[in-house]
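The values are calculated or read from the model by the stated rules, or taken from the named source; none is laboratory data. None of these values were measured; they are calculated from a predicted model. Quick reminder, even Gly has a Cβ in these numbers, built from the backbone with ideal geometry, and neighbours come from all protein chains shown.
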Amino acid sequence: MRFRFEWNHPYSWRTNLRGVLPAPFWWWVPKGKDCEAAGANHVWYNQDDIFSACYHCRVVREGKLWLEATVARVKSIVTEDLEACDAEQTAAFHQYAIEPCLAPIRRYGKIESVVVVARNGHEIIYWEGVECGFNVSPVDSNGQILEHWCNQDELGIALNAWIDGRGRSDRLGPARANDELP
(Lines give C-alpha, C1' and ligand atoms only; values in the text may rest on other atoms or scores of the structure.)
Protein backbone atom coordinates (compact mmCIF):
# COMPACT_ATOMS: atom_id res chain seq x y z
CA MET A 1 0.00 0.00 0.00
CA ARG A 2 1.47 3.38 -1.01
CA PHE A 3 0.70 6.51 0.96
CA ARG A 4 1.67 10.05 0.14
CA PHE A 5 5.03 10.51 1.81
CA GLU A 6 5.24 13.73 3.76
CA TRP A 7 8.83 14.72 4.52
CA ASN A 8 7.78 16.93 7.41
CA HIS A 9 5.59 14.28 9.06
CA PRO A 10 7.42 12.42 11.86
CA TYR A 11 5.60 9.10 11.28
CA SER A 12 5.03 9.08 7.51
CA TRP A 13 8.14 6.95 6.96
CA ARG A 14 6.75 4.10 9.07
CA THR A 15 3.43 4.08 7.22
CA ASN A 16 5.29 3.85 3.90
CA LEU A 17 7.58 1.14 5.25
CA ARG A 18 4.56 -0.89 6.42
CA GLY A 19 3.19 -0.49 2.90
CA VAL A 20 6.09 -2.43 1.39
CA LEU A 21 6.59 -5.03 4.13
CA PRO A 22 4.56 -8.25 4.18
CA ALA A 23 1.81 -8.07 6.83
CA PRO A 24 3.50 -10.50 9.27
CA PHE A 25 6.37 -8.00 9.62
CA TRP A 26 4.30 -4.87 10.34
CA TRP A 27 4.84 -5.26 14.07
CA TRP A 28 8.51 -4.33 13.44
CA VAL A 29 7.39 -0.77 12.70
CA PRO A 30 4.68 0.12 15.22
CA LYS A 31 2.57 3.23 14.90
CA GLY A 32 3.77 6.45 16.50
CA LYS A 33 2.29 7.69 19.78
CA ASP A 34 0.42 10.85 18.66
CA CYS A 35 0.87 12.89 15.47
CA GLU A 36 -0.46 16.10 17.02
CA ALA A 37 1.88 15.83 20.01
CA ALA A 38 4.73 15.51 17.49
CA GLY A 39 3.56 18.64 15.63
CA ALA A 40 1.90 16.89 12.67
CA ASN A 41 -1.62 16.24 11.40
CA HIS A 42 -3.47 12.96 11.70
CA VAL A 43 -4.43 11.07 8.53
CA TRP A 44 -7.71 9.33 9.33
CA TYR A 45 -9.30 6.15 8.07
CA ASN A 46 -12.61 4.46 8.87
CA GLN A 47 -11.94 1.97 11.65
CA ASP A 48 -15.48 0.64 12.11
CA ASP A 49 -18.07 3.25 11.03
CA ILE A 50 -18.08 4.67 14.57
CA PHE A 51 -14.40 5.46 15.17
CA SER A 52 -11.69 6.99 13.02
CA ALA A 53 -8.09 5.84 13.45
CA CYS A 54 -4.91 7.55 12.29
CA TYR A 55 -2.77 5.74 9.70
CA HIS A 56 0.41 7.06 11.31
CA CYS A 57 -0.19 6.87 15.08
CA ARG A 58 -2.22 5.07 17.72
CA VAL A 59 -4.84 7.80 18.15
CA VAL A 60 -8.47 6.72 17.65
CA ARG A 61 -11.38 9.18 17.88
CA GLU A 62 -15.12 8.90 17.64
CA GLY A 63 -16.69 10.22 14.43
CA LYS A 64 -16.21 9.98 10.70
CA LEU A 65 -13.08 12.11 10.57
CA TRP A 66 -11.86 10.42 7.39
CA LEU A 67 -14.60 12.32 5.56
CA GLU A 68 -12.49 15.40 6.14
CA ALA A 69 -10.83 14.54 2.85
CA THR A 70 -12.69 17.71 2.07
CA VAL A 71 -13.00 19.42 -1.24
CA ALA A 72 -10.50 22.09 -0.09
CA ARG A 73 -7.90 19.44 0.83
CA VAL A 74 -8.39 17.66 -2.50
CA LYS A 75 -8.03 20.94 -4.40
CA SER A 76 -4.67 21.34 -2.68
CA ILE A 77 -3.64 17.79 -3.62
CA VAL A 78 -4.67 18.41 -7.25
CA THR A 79 -2.56 21.58 -7.36
CA GLU A 80 0.42 19.70 -5.93
CA ASP A 81 0.01 16.73 -8.29
CA LEU A 82 -0.40 18.97 -11.35
CA GLU A 83 3.09 20.36 -10.70
CA ALA A 84 4.47 16.84 -11.29
CA CYS A 85 2.36 16.21 -14.43
CA ASP A 86 3.78 16.46 -17.94
CA ALA A 87 2.23 18.76 -20.57
CA GLU A 88 -0.19 16.10 -21.93
CA GLN A 89 -1.43 15.20 -18.46
CA THR A 90 -1.91 18.86 -17.56
CA ALA A 91 -3.81 19.50 -20.82
CA ALA A 92 -6.01 16.44 -20.21
CA PHE A 93 -6.81 17.63 -16.70
CA HIS A 94 -7.77 21.12 -17.88
CA GLN A 95 -9.92 19.59 -20.62
CA TYR A 96 -11.88 17.33 -18.27
CA ALA A 97 -11.66 19.12 -14.90
CA ILE A 98 -14.85 19.89 -13.03
CA GLU A 99 -15.32 21.86 -9.84
CA PRO A 100 -14.36 19.26 -7.21
CA CYS A 101 -17.41 17.90 -5.41
CA LEU A 102 -18.36 15.15 -3.00
CA ALA A 103 -19.99 12.08 -4.54
CA PRO A 104 -21.38 8.90 -2.97
CA ILE A 105 -19.56 5.63 -3.48
CA ARG A 106 -20.48 2.14 -2.30
CA ARG A 107 -17.63 0.45 -0.44
CA TYR A 108 -18.31 -3.11 0.63
CA GLY A 109 -22.03 -2.44 0.91
CA LYS A 110 -21.73 0.92 2.70
CA ILE A 111 -22.34 4.33 1.13
CA GLU A 112 -19.42 6.70 1.75
CA SER A 113 -18.01 9.80 0.00
CA VAL A 114 -15.19 10.60 -2.40
CA VAL A 115 -14.23 13.82 -4.18
CA VAL A 116 -14.69 13.89 -7.96
CA VAL A 117 -12.21 16.16 -9.80
CA ALA A 118 -12.68 15.35 -13.52
CA ARG A 119 -15.24 13.82 -15.88
CA ASN A 120 -14.77 12.38 -19.38
CA GLY A 121 -18.08 11.11 -20.74
CA HIS A 122 -19.14 8.19 -18.56
CA GLU A 123 -15.92 8.08 -16.51
CA ILE A 124 -14.71 10.17 -13.63
CA ILE A 125 -11.47 10.66 -11.72
CA TYR A 126 -11.99 10.80 -7.99
CA TRP A 127 -9.84 11.21 -4.89
CA GLU A 128 -10.13 8.21 -2.60
CA GLY A 129 -9.56 9.54 0.91
CA VAL A 130 -9.35 6.07 2.44
CA GLU A 131 -6.66 4.90 0.01
CA CYS A 132 -5.07 8.36 -0.36
CA GLY A 133 -4.98 8.35 -4.15
CA PHE A 134 -6.83 8.99 -7.39
CA ASN A 135 -8.93 6.41 -9.22
CA VAL A 136 -10.84 6.21 -12.51
CA SER A 137 -14.34 4.74 -12.50
CA PRO A 138 -17.32 4.54 -14.81
CA VAL A 139 -20.45 6.40 -13.69
CA ASP A 140 -24.08 5.89 -14.61
CA SER A 141 -26.35 8.54 -16.14
CA ASN A 142 -27.20 9.81 -12.63
CA GLY A 143 -23.53 10.26 -11.74
CA GLN A 144 -23.44 7.22 -9.45
CA ILE A 145 -19.87 5.88 -9.17
CA LEU A 146 -20.11 2.30 -10.39
CA GLU A 147 -16.76 0.86 -9.30
CA HIS A 148 -14.83 1.24 -6.06
CA TRP A 149 -11.12 1.04 -6.87
CA CYS A 150 -8.31 0.82 -4.32
CA ASN A 151 -5.52 2.40 -6.35
CA GLN A 152 -3.38 5.04 -4.75
CA ASP A 153 -2.42 6.79 -7.97
CA GLU A 154 -1.12 10.28 -8.32
CA LEU A 155 -3.31 12.45 -10.53
CA GLY A 156 -1.02 12.06 -13.55
CA ILE A 157 -1.26 8.26 -13.46
CA ALA A 158 -5.06 8.45 -13.34
CA LEU A 159 -5.08 10.97 -16.22
CA ASN A 160 -3.03 8.57 -18.37
CA ALA A 161 -6.22 6.50 -18.75
CA TRP A 162 -7.63 9.35 -20.86
CA ILE A 163 -4.54 10.09 -22.96
CA ASP A 164 -4.24 8.26 -26.30
CA GLY A 165 -1.34 5.81 -26.31
CA ARG A 166 -0.91 5.70 -22.52
CA GLY A 167 -3.88 3.77 -21.23
CA ARG A 168 -4.63 2.66 -17.75
CA SER A 169 -2.11 1.86 -15.06
CA ASP A 170 -1.51 -1.79 -14.18
CA ARG A 171 -4.65 -2.39 -12.15
CA LEU A 172 -6.23 -5.62 -10.98
CA GLY A 173 -9.86 -4.51 -11.00
CA PRO A 174 -12.40 -2.93 -8.70
CA ALA A 175 -12.49 -3.88 -5.02
CA ARG A 176 -14.66 -6.80 -3.95
CA ALA A 177 -15.80 -7.86 -0.51
CA ASN A 178 -14.38 -11.16 0.75
CA ASP A 179 -17.74 -12.90 0.20
CA GLU A 180 -17.59 -11.89 -3.49
CA LEU A 181 -14.20 -13.51 -4.11
CA PRO A 182 -14.06 -16.76 -6.13
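Mind listing whichever residues of region 144-160 are within 24 Å of GLY109 (Cβ to Cβ) and either of a type in the set (Gly, Ala, Ser) or in contact (Cβ under 8 Å) with a residue 40 or more places away in the chain (or both)? Of everything in region 144-160, those that are within 24 Å of GLY109 (Cβ to Cβ) and either of a type in the set (Gly, Ala, Ser) or in contact (Cβ under 8 Å) with a residue 40 or more places away in the chain (or both) turn out to be GLN144, ILE145, HIS148, GLN152. Looking at region 130-169, which of the residues that are touching a Leu at 6+ places or on another chain (Cβ under 7 Å) and either modelled with pLDDT of 90 or more or crowded, with 21+ Cβ neighbours inside 10 Å (or both) is nearest to ASP48 (Cα to Cα)? Checked region 130-169; the qualifying residue nearest to ASP48 (Cα to Cα) is PHE134.
Exactly one residue out of VAL117, VAL60 is of a type in the set (A, V, I, L, M, F, W, C), under 29 Å from ARG14 (Cα atoms) and at pLDDT 90 or above, and it is VAL60.
Among the residues of region 10-61, those that are part of a helix (DSSP H, G or I) and touching a residue at least 12 places away in the same chain (Cβ under 8 Å) comprise SER12, ARG14, THR15, ASN16, LEU17, ARG18, GLY19, GLU36, ALA38. For region 71-85, which residues satisfy the criterion of being of a type in the set (Val, Ile, Thr) and in contact (Cβ under 8 Å) with a residue 24 or more places away in the chain? VAL71, VAL74, ILE77, VAL78, listed by residue number.
Considering only residues in region 77-114 that are among the β-branched types (Val, Ile, Thr) and out of contact with any Ser or Thr (no Cβ under 8 Å at 6 or more places or on another chain), the one that is surrounded by the fewest Cβ atoms within 10 Å (Cβ to Cβ) turns out to be ILE111.
Cβ-Cβ distances below 6 Å connect the following pairs, each with a first residue in region 119-131 that is within 25 Å of GLN47 (Cα to Cα), a second residue that is not hydrophobic (A, V, I, L, M, F, W, C), and a separation of six or more residues or different chains: TYR126/ASN135; GLU128/ASN135; VAL130/TYR45; GLU131/GLN152. When LEU172 is tested against (1) modelled with pLDDT of 80 or more; (2) among the hydrophobic types (A, V, I, L, M, F, W, C); (3) part of a loop (DSSP other than H, G, I, E, B), just one condition goes unmet, and that condition is (1). Listed by position, the strands (runs of 3 or more DSSP E) contained in region 70-152 that have at least 2 residues being in contact with a helix residue (DSSP H, G or I) (Cβ under 7 Å, 6 or more places away or on another chain) and not aromatic (Phe, Trp, Tyr) are 97-107, 110-120, 133-138.
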